[in-house]
Amino acid sequence: MVQYITHSAAETRSLGLAFGKQLLPNSVVCFYGDLGAGKTTFIKGLAEGVLGVPEEEVNSPTFTYLNIYKGIKTLYHFDLYRLHSVDEFLGMGFDEMFDAGGVCCIEWAEKLFSLELPNAIRVEMAHLGNETRSIEII
Ligand code: ADP
Ligand code: MG
């Protein structure tokens, strides 16, 4: 486990970028943390690292569950805040994205509690103050 403390959104984004550059194909990264903890901010940086170019469109795909961005590698960005069940996730064939050769980022990954994701990387984010966040990578 590694813990980082960031003091601005820009710092979280840079951390995401450095992290994203290191990710191999078929990485699954599960994000945990309250609304506003900085998950999407981190993923904006991560997207740049995975795709090789900045991707300003990255936002929580709140109404679609999944956004797909293509670059050097493909980024599958899930936001499962509104997901009803693990069966709904599986019914849409989303688990096929885990080994499709790209990188998967999952916001609100706790919704997939009953799925075995043995190789997933956990990123746990928490508010420490207005602009201070704790980011643990496990
Ligand atoms: P989440 O996806 O976890 O709901 P977002 O990344 O969408 O969170 O929002 C985080 C909000 O907090 C943004 O408005 C961002 O500008 C702000 N913020 C302030 N400080 C930080 C920080 N250190 N890291 C990340 N976001 C921060
Ligand atoms: Mg978000």
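The values are calculated or read from the model by the stated rules, or taken from the named source; none is laboratory data. Worth saying up front: this structure is predicted, and the values here are computed from it rather than measured. Glycine also receives a Cβ, built like all others from the backbone with ideal geometry; neighbour counts cover every protein chain displayed. Areas reflect the complete protein model, heavy atoms only, side chains present, ligands, DNA and RNA absent. Shrake-Rupley method; radii C 1.70, N 1.55, O 1.52, S 1.80 Å.
Computed on the Cα atoms alone, the convex hull of the chain gives a volume of 99 cubic angstrom per residue. Reported to the nearest whole Å, the Cα centre-to-centre distance from segment 110-138 to segment 37-57 is 16.
For segment 2-137, what is the accessible area per residue in Å² when the probe is 1.4 Å? Spell out each step's value before the answer.
Numbers: 6890 Å² over 136 residues.
Per-residue accessible area for segment 2-137 comes out at 51 Å².
Ignoring aspartates and glutamates fewer than eight residues from Lys21 along the same chain, the ones with Cα atoms less than 20 angstrom from its Cα are Glu11, Glu48, Glu55, Glu56, Glu57, Asp99, Glu107, Glu124, Glu136.
Counting only alpha carbon atoms, the long axis of helix 9-21 and the longest principal axis of the chain meet at about 50°. The order of the peptides 92-104, 126-138 by mean Cβ neighbours within 10 Å, most packed first, is 92-104, 126-138.
What do you get for the angle between helix 39-51 and the principal long axis of the chain? Use alpha-carbon atoms, 0 to 90 degrees, nearest ten. Taking the Cα atoms of the chain, the angle to 39-51 is about 80 degrees.
Considering only Gly91, Gly52, Gly38, the Gaussian network model of the chain with Cα springs below 10 Å gives its largest mean-square fluctuation to Gly91.
Return the carbon/sulfur percentage of the accessible area of the chain, one whole number, probe 1.4 Å, all protein chains in place. Spell out each step's value before the answer.
Details: 3690 of 7120 Å².
With neighbouring chains kept in place, the figure for the chain is 52 percent.
Cross-link reach is defined here as a Cα-Cα straight distance under 21 Å, omitting same-chain residues fewer than 8 places apart; for Lys111 the lysines meeting it are Lys39.
Of all chymotrypsin sites (Phe, Trp or Tyr not before Pro) in segment 43-93, which ones are in loop regions per DSSP and have a Cβ with at most 11 other Cβ atoms within 10 Å?
Details: sites: Phe63, Tyr65, Tyr69, Tyr76, Phe78, Tyr81, Phe89; in loops: Phe63, Tyr65, Tyr81.
Sparse-neighbourhood loop chymotrypsin sites (Phe, Trp or Tyr not before Pro): Phe63.
Taking the DSSP beta bridges with both ends in the chain, the antiparallel portion is around 50 percent.
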